[in-house]
1. Please work out which residue is most open to solvent (accessible area, probe 1.4 Å), limiting yourself to segment 230-245 and to residues that are within 16 Å of Arg271 (Cβ to Cβ) and in a helix (DSSP H, G or I).
2. Does Asp326 count as among the charged types (D, E, K, R), open to solvent by 50 Å² or more (accessible area, probe 1.4 Å) and at pLDDT below 95?
3. Identify, please: which residue in segment 201-227 is surrounded by 20 or more Cβ atoms within 10 Å (Cβ to Cβ) and assigned to a helix (DSSP H, G or I) and is, among those, farthest from the chain's Cα centre (by Cα)?
4. Would you be able to tell me the number of residues in segment 362-403 that are of a type in the set (Val, Ile, Thr) and part of a helix (DSSP H, G or I)?
5. Given the conditions (1) open to solvent by 20 Å² or more (accessible area, probe 1.4 Å); (2) at pLDDT 95 or above, which single one is not true for Tyr95?
6. Please verify whether Trp244 is under 16 Å from Ala287 (Cβ atoms) and modelled with pLDDT under 90, treating the condition exactly as stated.
7. As an exercise: evaluate Glu377 against (1) closer than 26 Å to Arg328 by Cα; (2) in contact with a helix residue (DSSP H, G or I) (Cβ under 6 Å, 6 or more places away or on another chain); (3) of a type outside the set (A, V, I, L, M) and give the number of the one condition it does not meet.
8. Among the numbered criteria (1) in contact with a helix residue (DSSP H, G or I) (Cβ under 7 Å, 6 or more places away or on another chain); (2) within 14 Å of Pro207 (Cβ to Cβ), which one does Leu354 miss?
Amino acid sequence: MAVAVAGGLALHHSSQDADSPAAKSTDVDQAARAAAIDQLLKRRAQAVLTDSEKEFLADVDAANAKLIERQRTLFTNLRQFGFAKLAYQQLTQQYDDSITGKYGPSTYLVAVAMTYQIRGIDLVPVRAMVGYTFTKRPDGAWMLVSDTDLDKRLPRGSHEEAWDTGEVLVKRAPRVLVVVEKGQETLATRLVRMATSAVQAVSKSWPGGWTGSGVVIALDDKVVRGADYTQPKNAEDALAMATWVYRTLPGEVTGAGERADSYVVINPRNRDKVDARTLAHEFTHVATAPYGPYAPRWLVEGAATYVEFLPMAGEDDLALPKYRLDVRTKYLSKARSLPADATFFDQPDSSYPLSWLAVDYLFTRYGGTEVGTLYRELAGLGSTQKERDRIMLEHLGITEAGLFAALKAAAAA
């Protein structure tokens with residue numbers, strides 16, 4: 001999934017624009033404003049870390065009751081996540097005459113990077129985005145007057161975090177964090193139990209082990225992080241999806257951003273269908289997300305389904321020999337190749353079983369260590385078919401076409 005930088009939003013730090021003509025003309029004002037906003041943002045981050053709601057709201061427009069209430073909810077939400085680190089950093093100023101007209105000539109509209117690390121969850125600090133509108137008070141101090149003006153311009157998937165919704169409940173276990181609507185204690189407990197089982201399964205089954213954590217977001221909102229369950233292709237059938245967590249934001253270093261991890265967002269329509277195996281599938285995506293974005297889709301989904309189907313504590317074992325035979329008979333016999341990236345999700349009923357069959361063959365024929373190494377190299381370097389063929393030949397002695405032929409031969413035997 002590639003994430004585009006929407007609306008031409010530039011993401012450089014504000015100090016990098018100091019040489020622009022506009023900046024030079026009001027250099028002192030620019031510097032003073034940057035310093036004042038830096039201090040304001042630092043106070044807000046520190047207020048979350050030290051549990052001071054009063055300080056968090058001190059720089060918010062007191063005349064805007066709705067904004068105050070929204071920010072109070074945000075503070076309460078943020079406190080539940082247990083941040084080991086939290087900081088806010090100004091990026092480039094944005095311009096909108098209608099917003100300036102609404103709030104006055106001192107209006108400062110700016111994209112802000114939120115760098116955070118959830119204790120016991122994020123292995124490294126990661127980044128999200130917010131958009132803030134500031135103006136000057138009569139006494140010359142700056143205040144926050146809006147937190148929504150930039151929402152439609154922010155890069156898709158890098159904002160709309162779980163804490164940006166309504167009131168939430170966060171429940172934790174070792175290497176597990178679950179977010180549900182406030183009051184949904186029963187759902188949270190059930191998801192923590194399933195997520196714990198799934199984390200243990202992926203840690204045990206993925207080659208080389210996995211030491212990461214499972215974050216599960218199960219809110220009523222249909223758009224959270226990179227998950228959009230308003231889209232018809234996702235709304236009906238999707239149970240959950242792993243959404244990228246960014247080490248660097250889209251547009252900062254690369255157009256799509258650099259991945260650090262993934263959080264799983266459950267489709268509210270299909271919440272009751274999610275089980276521990278579903279989460280094991282998604283957590284396999286989480287475990288492999290740091291490898292890179294270039295692995296072929298059949299390997300990405302095949303590996304996740306492979307782990308999903310393995311014996312798992314608390315879950316009934318699946319009849320895999322029978323399933324293997326069914327896939328060969330029902331899908332492999334009609335296929336002409338492995339599922340292609342471009343059309344994978346057009347035919348999910350056949351794409352997923354065929355991908356599982358391919359990965360099942362790889363684990364059986366070559367072993368987990370080789371499969372794990374192959375995945376890493378394809379994910380990091382397999383951006384073209386030529387590169388994919390080179391990597392496959394180097395590790396397996398066959399290309400993707402050769403793997404498909406091997407599946408056919410195994411079925412015939």
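1. Asn234
2. Values: among the charged types (D, E, K, R): yes; open to solvent by 50 Å² or more (accessible area, probe 1.4 Å): yes; at pLDDT below 95: no.
The answer is no for Asp326.
3. Restricting to residues being surrounded by 20 or more Cβ atoms within 10 Å (Cβ to Cβ) and assigned to a helix (DSSP H, G or I), the top hit is Ser205.
4. Pass one, segment 362-403, residues of a type in the set (Val, Ile, Thr): 364, 369, 371, 373, 384, 391, 398-399.
Filter once more, so that each one left must be part of a helix (DSSP H, G or I): 364, 369, 371, 373, 391.
Looking only at that region, the number is 5.
5. Checking Tyr95 against (1) open to solvent by 20 Å² or more (accessible area, probe 1.4 Å); (2) at pLDDT 95 or above, the one that fails is (2).
6. Values: under 16 Å from Ala287 (Cβ atoms): yes; modelled with pLDDT under 90: yes.
Considered against the rule, which asks whether it is under 16 Å from Ala287 (Cβ atoms) and modelled with pLDDT under 90, Trp244 comes out as yes.
7. For Glu377, the exception is condition (1).
8. Going through the list (1) in contact with a helix residue (DSSP H, G or I) (Cβ under 7 Å, 6 or more places away or on another chain); (2) within 14 Å of Pro207 (Cβ to Cβ), Leu354 breaks only (2).
The values are calculated or read from the model by the stated rules, or taken from the named source; none is laboratory data. Keep in mind it's a predicted model, so treat the numbers as computed, not measured. In this analysis, Cβ positions are derived from the backbone assuming ideal geometry, glycine residues included, and neighbour counts consider all displayed protein chains. Each accessible area value is taken on the protein alone, full model and side chains, heavy atoms only, with ligands, DNA and RNA left out. Shrake-Rupley method; radii C 1.70, N 1.55, O 1.52, S 1.80 Å.
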